[in-house]
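The values are calculated or read from the model by the stated rules, or taken from the named source; none is laboratory data. Quick caveat: nothing in here was measured; it's all calculated off a predicted structure. Neighbour counts run over all protein chains shown; Cβ positions are idealised from the backbone, glycine included.
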Amino acid sequence: MVDAATSDDMPLPDEAELEARSAPMERLVTVYGGSGFIGRHVVRSLARMGWRVRVAVRRPDLAGHLQPLGAVGQINPVQANLRYPASVLRAAEGAEAVINLVGVLHEGGRQSFEAVHHFGAKQVALAAREVGARLIHVSAIGADPQSGSSYARTKAAGETAAREAVPEAVVFRPSIVFGPEDNFFNRFAAMSRLAPALPLIGGGTTRFQPVFVGDVAAAVAKAVDEIARPGTVYELGGPEILTFKQLMEIMLKEIDRKRLLVPLPFGIAALQARLLELLPNPLLTRDQVKLLAHDNVVSAQAIAEGRTLEGLGIHPTALGAVLPGYLWRYRKAGQFTRITI
């Protein structure tokens, strides 16, 4: 039969998940930003392990999609805004562990990098300290106080604030994260439907180490269960290091489309980004151009010290095992029919 559902539908629960759902749910974890892309998978992983999950978000009424990921009453969205410390603290009360997943890819209105990545991270960390909860903070590879990118500088400032408040905090720095709802492959695949060419910013030589969202969620869950080393910064990357150009080629092959890949010097990209920034959801910003000037891969030091997915006992998932499951929707009509038996 033809399955009209999207490819990111969650699979049926296995025996371990059913057992966890039927167990008493007395242990509580609070997830800030739990309704987003990574958050959905983190919440599901925690629910499968039997945790009671409080999802702290600005709009709890928009977090209803999380309810089916756990048993009745197991997942509870509550209102919290990182700009208001009292709401952040209230959401943390009674939790054994606190997870901060909140982040923005571009600034807009009150959602500045400084407000979200630094001030907000500090409030979550202070709340965790106040209630005596473990802290897991999700940052990004490339976080650097000396970076020319505001995104990277504020990510670094958020890490520092988190570890100053809770020295035992576990920090995760993923490379670009892929999965059914990602903002990378989905965006470029959608662009390829209309655009005859795709830009290779800086020539497309920047290297990435794409990491599957399910693996990031598994790492966070291990930290909640105190398997990760306290006070440690982990760098999370997948099994492949690929250039931006290679990622575009893989994406185009997956959706069976031929498009020109046009090298775009950083200077010209920055000029174009100046105009694109005026859009409500810009395709590119000048800050992102600055980020693209640097490789986004796990460091040799992190590998040597076991501060990676493998160090947590997680075997990284390859792109080829996941991309076909959701990029099929961008193929031309009639090229592909999803069949479920």
**Message:** Step by step: first the residues of the stretch 97-126, then only those that are part of a loop (DSSP other than H, G, I, E, B) and out of contact with any Phe, Trp or Tyr (no Cβ under 8 Å at 6 or more places or on another chain), then the one that is surrounded by the most Cβ atoms within 10 Å (Cβ to Cβ). Which residue is that?
**Reply:** Gly103
**Prompt:** So, in the stretch 134-186, of the ones that are surrounded by fewer than 22 Cβ atoms within 10 Å (Cβ to Cβ) and of a type in the set (S, T, N, Q), which residue ends up farthest from the chain's Cα centre (by Cα)?
**Reply:** Gln146
**Item:** Flag if Leu198 is in a helix (DSSP H, G or I) and either over 22 Å from Leu284 (Cα atoms) or touching a residue at least 40 places away in the same chain (Cβ under 8 Å) (or both)
**Value:** no
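Condition check: at pLDDT below 95 and either assigned to a loop (DSSP other than H, G, I, E, B) or in contact with a strand residue (DSSP E or B) (Cβ under 9 Å, 6 or more places away or on another chain) (or both). Does Ser87 satisfy that?
Values: at pLDDT below 95: no; either assigned to a loop (DSSP other than H, G, I, E, B) or in contact with a strand residue (DSSP E or B) (Cβ under 9 Å, 6 or more places away or on another chain) (or both): yes.
So Ser87 fails the test.
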**Positions within the stretch 223-243 being surrounded by fewer than 20 Cβ atoms within 10 Å (Cβ to Cβ) and either at pLDDT below 95 or of a type outside the set (Gly, Ala, Ser) (or both), in sequence order** = Asp225, Glu226, Ile227, Arg229, Pro230, Thr232, Val233, Pro239, Glu240, Ile241, Leu242, Thr243
**Fill in**
Conditions (1) over 22 Å from the mean Cα position of the chain (by Cα); (2) without any contact (Cβ under 8 Å) to a residue 40 or more places away in the chain -> Glu310 fails only (1)
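Just need a number here: residues in the stretch 38-74 that are among the β-branched types (Val, Ile, Thr), in a strand (DSSP E or B) and surrounded by fewer than 24 Cβ atoms within 10 Å (Cβ to Cβ). Working first, answer last.
First, pick out the residues of the stretch 38-74 that are among the β-branched types (Val, Ile, Thr): 38, 42-43, 53, 55, 57, 72.
Within this subset, residues satisfying the condition of being in a strand (DSSP E or B) are 53, 55, 57.
Next, only the ones that are surrounded by fewer than 24 Cβ atoms within 10 Å (Cβ to Cβ) stay: 57.
Total meeting the criteria: 1.
Examine the stretch 82-94 for a residue that is under 17 Å from the mean Cα position of the chain (by Cα) and of a type in the set (Val, Ile, Thr), and state whether such a residue exists.
Step one: of the stretch 82-94, the residues under 17 Å from the mean Cα position of the chain (by Cα) are none.
No, that holds for no residue.
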**Message:** aliphatic (A, V, I, L, M), out of contact with any Asp or Glu (no Cβ under 7 Å at 6 or more places or on another chain) and part of a loop (DSSP other than H, G, I, E, B): is that true of Leu82 in this structure?
**Reply:** yes
